[in-house]
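Notes to accompany the following structure.
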Amino acid sequence: MISRRDFLQVGMAASAIVGASGFGNWARLAAQQSLTQDQLLEFETFGNVSLIHVTDIHAQLKPIYFREPSENIGVGSNKGAVPHVTGAKFRSLYGIEDGSPSHYALSSGDFASLAKGYGRVGGLDRVATVIKSIRADRPDAILLDGGDTWHGSYTCYKTAGQDMVNVMNALNPDAMTFHWEFTLGSERVNEIVENLPFAALGQNIFDVEWDEPTELFPPYKMFERGGTKVAVIGQAFPYMPIANPGWMFPEYAFGIRDENMQAMVDEVRAEGAECVVVLSHNGFDVDKKMATIVDGIDVILSGHTHDALPEPVLSGKTIIVPSGSNGKFVSRVDLDIRNGQLLGYRHKLIPVFSDVIEPDAEVAALIDEQRAPYLEDMSEVIGKTDSLLYRRGNFNGTWDDLICDALISERDAEIALSPGVRWGPSLIPGQDITREDIFNVTSMTYGKAYRSEMTGEFLKVVLEDVADNIFNPDPYYQQGGDMVRTGGLGYRIDVNQSQGNRISNMTLLKSGEAIDPARSYMIAGWASVNEGTEGPQIWDVVESHIRKLGTVTTQENNSVEVVGA
Amino acid sequence: MELTRRKLLALGSSTFALAGLASLPAFASLTDHAVAALTGGADLGEGAITLTAPEIAENGNTVPIAFDAPGAAEVTLFADGNPVPNVATFKFGPLSASRSASTRIRLATTQNVVAIAKMEDGSFQIAKANVKVTIGGCGG
């Protein structure tokens, strides 16, 4: 197991990246950077086994901009703990210089300016180059995909995930776990998984009728690599039927199931595993708690909450490695496994700067092949933005403000609700908004925009319920994601209160009047988890709105007052 | 409009997120009475029962619950947020190899599931699990 000393000896990923200095002049300094692919990929091969982790790609085949959150509140014992540290505080915690590549990749602040200097991130052709480079050092490295792969783009929606399956297969992963994949519907998921050339893992994917493990999703796979045995146990997103429409995959049950996780760890140890890796879609705080409850996990490769940290976090005797989202990062973890135990490790979170890392020609061609049939339609320019459009943050992002505005004006509503999902790339000021960009922040299999009346009292129940799914002090009762976004509605939230007592001062922004519990309000929203929801697709609603605006300019949004952060 | 549980569930069909009502009356005292009646007020030990329940119910109408209570002569389950908290009593004879069972129960709202075991020596044991019943949330 890992000692504190081993832990501290791990070098920071950022150290391999050249820093810059000089506050307030980011773009010019960035342009002077001479960041190279060799610097990004530099790694002194260590031990006898390498893990490569990608997660939460959300179908982003091409390079994108992605702004990290400026608000990511931790509650309970996680208050002030990473990843609940953002912006300048995050940089100071990890010794990251302002304006440096690590600042741009890992934290918020001066995003639009830095984006102009450092360019886009991600792109699976660049990710392929990183993976090939690691395999050149260690040919039998284990490539693991943490899920949320077959969801989130125009082509992924149109092909029901086939574009991502084709491209990921070319990267030759060893195993995968799941979340949004199930929103393709169980029939489609089963069809893809039956033909996957790698393991589809989930110790917590159960048959709903008998509450038993399924045959299609085995709990773990054993890998004999580097003269040792490494077990990889899959952990799918525990709250799929609650956070996403359960009616789309009614045969499956999930849950955390840490007692079964313990049983699987014990089973693989008994079968001779000298190292136990969990490929997880729990979310960071849930992983951290699980590591203190389940004995014998060496490494958790952590996904779902989209956090990117330059070094692993130690919880109990387990290291937790979160690897960001949207193809922006690849984690490499080298392990020294000897005499039945993990003796040490070396880690690097590799930021995929797409102007620095050379695209892999073969995968680039494969990506273009997936996109070709749809290229003309999705490249159509709908409008332009003068403002930064982003989503990540606990309460609102400018993309969501725009979506809520679209719902209110196109659907003639008083109040709009938009789900607090964490996927969706950013656009920087001056960019055109294409149909593909709109799909990147709205695409899903249950995207119909509903319109219905709710009383003020019921609206409060909705806000309270979602707030408790995010700010419950016990991570096992958190579902990941962020607070439901509201348009036309302001409120005050005290994150440290109990369910039912967090939300107050609900105000209808249009009139400035307090929300009347007894009155009915016309609400427009999207992404209902309920079967039979009717309305136009959200991307059509947003497209129509942007077309009318021509150029999007967002205003500062102060409608949510946050207390207790 | 008065918001009943039935209306709440009906409304849910048009929204992406909604909740178990926080304002339902607490039935915990009913459970306390029932437990006292069962044990005659005896002290309740902890640690002998393993109670397995989901942290968040996927479907409040059918929540899988399991227990393992070695040495128990009978185990009674209570759901302290249901209008009628008594769920079931499982009795084990001296030849029972395993003192465990699993079932599914309906939970009206977020509440504790309580298992009380009467042990073969006449002492009592308790285990609790909090199960959240919610229909809300947005995945990352």
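The values are calculated or read from the model by the stated rules, or taken from the named source; none is laboratory data. In this text, all values refer to a predicted model and were calculated from it rather than measured experimentally. Glycine also receives a Cβ, built like all others from the backbone with ideal geometry; neighbour counts cover every protein chain displayed.
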Hey, A:LYS116 charged (D, E, K, R) and either crowded, with 23+ Cβ neighbours inside 10 Å or touching a residue at least 40 places away in the same chain (Cβ under 8 Å) (or both) or not | yes
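When the residues of region A:369-393 are filtered to those that are closer than 30 Å to A:ILE73 by Cα and not basic (Lys, Arg), which remaining residue is modelled with the lowest pLDDT?
A:GLY393
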Region A:333-435: strands (runs of 3 or more DSSP E) wholly inside it with 1 or more residues that are in the same structural domain as A:GLU534 (by TED's automatic domain parsing) are A:381-385, A:415-418, A:432-434
Do any residues in region A:513-536 that are under 19 Å from A:GLY185 (Cβ atoms) have Cβ atoms under 6 Å from those of residues that are not in a loop (DSSP other than H, G, I, E, B), where the two are at least six apart or on different chains, and which pairs are they?
-> A:TRP526/A:ALA449; A:TRP526/A:ILE538; A:SER528/A:TYR450; A:ASN530/B:SER13; A:GLU531/A:TRP247; A:THR533/A:LYS448; A:THR533/A:TYR450
Any chance region B:14-35 includes a residue that's at the interface with chain A (Cβ under 10 Å from one of its Cβ atoms), modelled with pLDDT under 50 and surrounded by fewer than 13 Cβ atoms within 10 Å (Cβ to Cβ)?
-> yes
A:VAL484 vs (1) within 14 Å of another protein chain (Cβ to nearest Cβ); (2) surrounded by fewer than 17 Cβ atoms within 10 Å (Cβ to Cβ); (3) within 29 Å of A:MET248 (Cβ to Cβ): all pass except (2)
Counting only residues that are crowded, with 24+ Cβ neighbours inside 10 Å and over 23 Å from A:ASP38 (Cβ atoms), how many does region A:340-369 have?
-> 1
Quick one: which residue in A:ARG411, A:ARG391 is under 24 Å from A:SER520 (Cα atoms), charged (D, E, K, R) and either touching a Pro at 6+ places or on another chain (Cβ under 9 Å) or free of Cβ contacts under 8 Å to residues at least 60 places away in the same chain (or both)?
-> A:ARG411
Of all residues in region A:426-462, which are more than 9 Å from chain B (Cβ to nearest Cβ), closer than 20 Å to A:THR486 by Cβ and of a type in the set (A, V, I, L, M)?
-> A:VAL441, A:MET444, A:ALA449, A:LEU459
Selected residue (criterion: nearest to A:GLU464 (Cα to Cα)) from residues of region A:404-425 that are away from chain B (no Cβ under 13 Å) and surrounded by 24 or more Cβ atoms within 10 Å (Cβ to Cβ) | A:CYS404
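A:GLN203: of a type in the set (S, T, N, Q) and over 21 Å from A:THR305 (Cα atoms), yes or no? Steps first, answer last, please.
On the way: of a type in the set (S, T, N, Q): yes; over 21 Å from A:THR305 (Cα atoms): no.
Considered against the rule, which asks whether it is of a type in the set (S, T, N, Q) and over 21 Å from A:THR305 (Cα atoms), A:GLN203 comes out as no.
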Qualifying residue in region A:420-439 (condition: touching a helix residue (DSSP H, G or I) at 6+ places or on another chain (Cβ under 8 Å) and modelled with pLDDT under 95) | yes
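How about region A:252-276: which of its residues are of a type in the set (A, V, I, L, M) and over 27 Å from A:SER186 (Cβ atoms)? Spell out the reasoning first.
Start the filter on region A:252-276 by keeping residues that are of a type in the set (A, V, I, L, M), which leaves A:253, A:256, A:261, A:263-265, A:268, A:270, A:273, A:276.
Within region A:252-276, A:VAL265, A:VAL268, A:ALA270, A:ALA273, A:VAL276 qualify.
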Qualifying residue in region B:83-97 (condition: within 14 Å of chain A (Cβ to nearest Cβ) and surrounded by 15 or more Cβ atoms within 10 Å (Cβ to Cβ)) | no
Test for A:ARG91: is it farther than 23 Å from A:ASP137 by Cβ, at pLDDT 95 or above and buried (at least 23 other Cβ atoms within 10 Å of the Cβ) | no
Would you pick out the residues in region A:493-517 that are among the basic types (Lys, Arg) and either buried (at least 19 other Cβ atoms within 10 Å of the Cβ) or under 16 Å from A:PHE395 (Cβ atoms) (or both)?
-> A:ARG502
If you go through region A:463-477 one residue at a time, how many are assigned to a loop (DSSP other than H, G, I, E, B) and at the interface with chain B (Cβ under 9 Å from one of its Cβ atoms)?
-> 2
Could you grab me the full set of residues in region A:518-565 that are loosely packed, with under 15 Cβ neighbours inside 10 Å, within 14 Å of chain B (Cβ to nearest Cβ) and not charged (D, E, K, R)?
-> A:ALA518, A:GLY532
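Given the residues A:ILE57, A:ILE73, A:ILE64, which is the only one that is in contact with a Phe, Trp or Tyr (Cβ under 8 Å, 6 or more places away or on another chain), in contact (Cβ under 8 Å) with a residue 40 or more places away in the chain and within 27 Å of A:GLY397 (Cα to Cα)?
That would be A:ILE73, the only listed residue that is in contact with a Phe, Trp or Tyr (Cβ under 8 Å, 6 or more places away or on another chain), in contact (Cβ under 8 Å) with a residue 40 or more places away in the chain and within 27 Å of A:GLY397 (Cα to Cα).
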Residue among B:THR62, B:THR52, B:THR109, B:THR103 that alone is within 14 Å of chain A (Cβ to nearest Cβ), under 30 Å from A:HIS306 (Cα atoms) and among the polar types (S, T, N, Q) = B:THR52
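Table: residues versus (1) closer than 30 Å to A:GLN370 by Cα; (2) crowded, with 24+ Cβ neighbours inside 10 Å; (3) of a type outside the set (Val, Ile, Thr).
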{"position": "A:VAL49", "(1), (2), (3)": "no, yes, no"}
{"position": "A:VAL54", "(1), (2), (3)": "yes, yes, no"}
{"position": "A:GLY87", "(1), (2), (3)": "no, no, yes"}
{"position": "A:ILE131", "(1), (2), (3)": "yes, no, no"}
